[in-house]
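To keep things clear, I will list the structure first and then write my remarks on it.
The values are calculated or read from the model by the stated rules, or taken from the named source; none is laboratory data. Treat the numbers as computed from the prediction; the structure is a model and nothing was measured. With ideal geometry, Cβ positions are generated from the backbone for all residues, glycine too; neighbour counts draw on all protein chains shown.
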Amino acid sequence: MDTAVIIVAAGRGSRMGGEVPKQWQLLAGRPVIAHTLAAFAGMRVVLVIHPDDRARAEGLGVRLVEGGATRDASVLAGLRALEGSGVTKVLIHDGARPLVSRGLIGRLVAALDHHEGAAPALAVTDALWRGEAGLVAGTVDRTGLYRAQTPQAFRFAPILAAHLGHPGGALDDVAVARAAGLDVAIVEGEETNLKLTFPGDFARAEAILKGRNMDVRMGNGYDVHAFCEGDHVWLCGVKVPHSRGLLGHSDADVGMHALTDAIYGALAEGDIGRHFPPSDPQWKGAASHIFLSHAVGLAAERGYRLGNCDVTLVCERPKIGPHALAMQAELARIMGVEAGRVSVKATTSERLGFTGREEGIAALATATLVKA
């Protein structure tokens, strides 16, 4: 492995506040540095830490090096730890930038095939002012100005030599490289690759992580029940008068069964039969809302909420239109969601097949679950 990563995490982050340095504070339930390390999973990593943080860092599974009093001293400590290891390329990254993407990392490494260094940056697009005593004192031409980011990538030997020969006090590694005469290419950065500096940055980072980690699942359900003797049918929780009933082990609510199976499908949990076996007499004649409530509850236990669902009933009769809104409302009530997330509609099969011959009713359902 000829590419290594130095993650600098020895700073104290006084502007952030808090009892511990910002790289060890929790972001979406995990230390910031854990998110940063995850971005470089599978790569050789040297984590440069403050001596006081060793106990926190011991379980992270990467090589630890104690840093110096300044950032460039810490980077040099990381570089010296890699001497003689066969590394030819190195990425130097701030531990407080936990949202760097694998795509950006790849672009930086590729740029080293043609340049001694490469760094991500974003062109300045806002107007720039000079201020004095709280007043605007002038403007600054933003042409050619960039906002610098990390990781900053370099060929290993030149950047090590540059740091060894630098007097110290550099703002970043690009400054060290340029002082040594190295060429550094600008690679387009990412707005989401933000550096956590102030408390409000944590809220922004958590929102970005939530968007990246969005888990959306979809399931489909299908059910059929034959007509039998009776004077009503249960459809989507509503008792609909009809000249016949529906045959089934439970109340034969074909619409609710299809929807329940759709939710189970989105969870990869099989179907109603797995959770409520028809061989079990306790479910004989059971109301189907029991099944639907179980499926919704199981989804909630897994951390999912219903995004929306769509149920289609296929029959010639009874006519569904007069009851569709009541069905929508009842399904929404059972599942604990607003009615706008539930669709109930009907169609015929144009007198074709068993539904066309009025031998029974079919139902199809689709449900979308979203990680809460």
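Give me the pairs: first residue in region 228-243 and part of a loop (DSSP other than H, G, I, E, B), second residue of a type in the set (V, I, T), beta-carbon distance under 7 Å, and six or more apart or on different chains, which are they?
Sorted first by the residue in region 228-243, then by its partner, the pairs are C236/V311; C236/V344; G237/I334; H242/V233.
Please verify whether region 261-269 includes one or more residues that are in the same structural domain as V296 (by TED's automatic domain parsing), free of Cβ contacts under 8 Å to residues at least 60 places away in the same chain, surrounded by fewer than 20 Cβ atoms within 10 Å (Cβ to Cβ) and assigned to a strand (DSSP E or B).
No, every residue in region 261-269 fails to be in the same structural domain as V296 (by TED's automatic domain parsing), free of Cβ contacts under 8 Å to residues at least 60 places away in the same chain, surrounded by fewer than 20 Cβ atoms within 10 Å (Cβ to Cβ) and assigned to a strand (DSSP E or B).
Looking at (1) in contact with a strand residue (DSSP E or B) (Cβ under 7 Å, 6 or more places away or on another chain); (2) exposed (fewer than 15 other Cβ atoms within 10 Å of the Cβ), can you tell me which one D52 breaks?
Result: D52 fails condition (1) only.
So for region 97-114 (the condition being touching a Pro at 6+ places or on another chain (Cβ under 7 Å) and farther than 18 Å from D2 by Cβ), does at least one residue qualify?
yes
Do we find that R71 is crowded, with 18+ Cβ neighbours inside 10 Å, touching a strand residue (DSSP E or B) at 6+ places or on another chain (Cβ under 7 Å), among the basic types (K, R) and over 18 Å from D201 (Cα atoms) in this structure?
For R71, the condition - crowded, with 18+ Cβ neighbours inside 10 Å, touching a strand residue (DSSP E or B) at 6+ places or on another chain (Cβ under 7 Å), among the basic types (K, R) and over 18 Å from D201 (Cα atoms) - is met.
Among the residues in region 183-191, are any within 30 Å of W24 (Cβ to Cβ), surrounded by fewer than 18 Cβ atoms within 10 Å (Cβ to Cβ) and in contact (Cβ under 8 Å) with a residue 12 or more places away in the chain?
Yes, there is a match, as at least one residue in region 183-191 is within 30 Å of W24 (Cβ to Cβ), surrounded by fewer than 18 Cβ atoms within 10 Å (Cβ to Cβ) and in contact (Cβ under 8 Å) with a residue 12 or more places away in the chain.
Does V8 fit the bill of being modelled with pLDDT of 95 or more, assigned by TED's automatic domain parsing to the domain that holds H166, touching a Phe, Trp or Tyr at 6+ places or on another chain (Cβ under 8 Å) and within 18 Å of N193 (Cα to Cα)?
Considered against the rule, which asks whether it is modelled with pLDDT of 95 or more, assigned by TED's automatic domain parsing to the domain that holds H166, touching a Phe, Trp or Tyr at 6+ places or on another chain (Cβ under 8 Å) and within 18 Å of N193 (Cα to Cα), V8 comes out as no.
With respect to R80, is the statement that it is part of a helix (DSSP H, G or I), among the charged types (D, E, K, R), modelled with pLDDT of 95 or more and over 22 Å from the mean Cα position of the chain (by Cα) true?
Criteria met by R80.
Select, from L135, L145, L128, the only residue that is in the same structural domain as D72 (by TED's automatic domain parsing), more than 30 Å from E83 (Cβ to Cβ) and in contact with an Asp or Glu (Cβ under 9 Å, 6 or more places away or on another chain).
Every option except L128 fails the conditions.
Scan (1) closer than 23 Å to A77 by Cα; (2) among the charged types (D, E, K, R); (3) over 26 Å from the mean Cα position of the chain (by Cα) for the single condition K195 breaks and write down its number.
Evaluating K195 over (1) closer than 23 Å to A77 by Cα; (2) among the charged types (D, E, K, R); (3) over 26 Å from the mean Cα position of the chain (by Cα) leaves (3) as the failure.
Condition (residue is at pLDDT 95 or above, under 19 Å from H35 (Cα atoms) and not polar (S, T, N, Q)) applied to region 145-158: is it met by at least one residue?
Yes, some residue in region 145-158 is at pLDDT 95 or above, under 19 Å from H35 (Cα atoms) and not polar (S, T, N, Q).
If we keep just the residues of region 203-227 that are of a type in the set (D, E, K, R) and modelled with pLDDT of 90 or more, which is farthest from T355 (Cα to Cα)?
Taking the candidates together, the pick is R204.
Would it be correct to say that A295 is touching a Phe, Trp or Tyr at 6+ places or on another chain (Cβ under 8 Å), modelled with pLDDT under 95 and assigned by TED's automatic domain parsing to the domain that holds V240?
no
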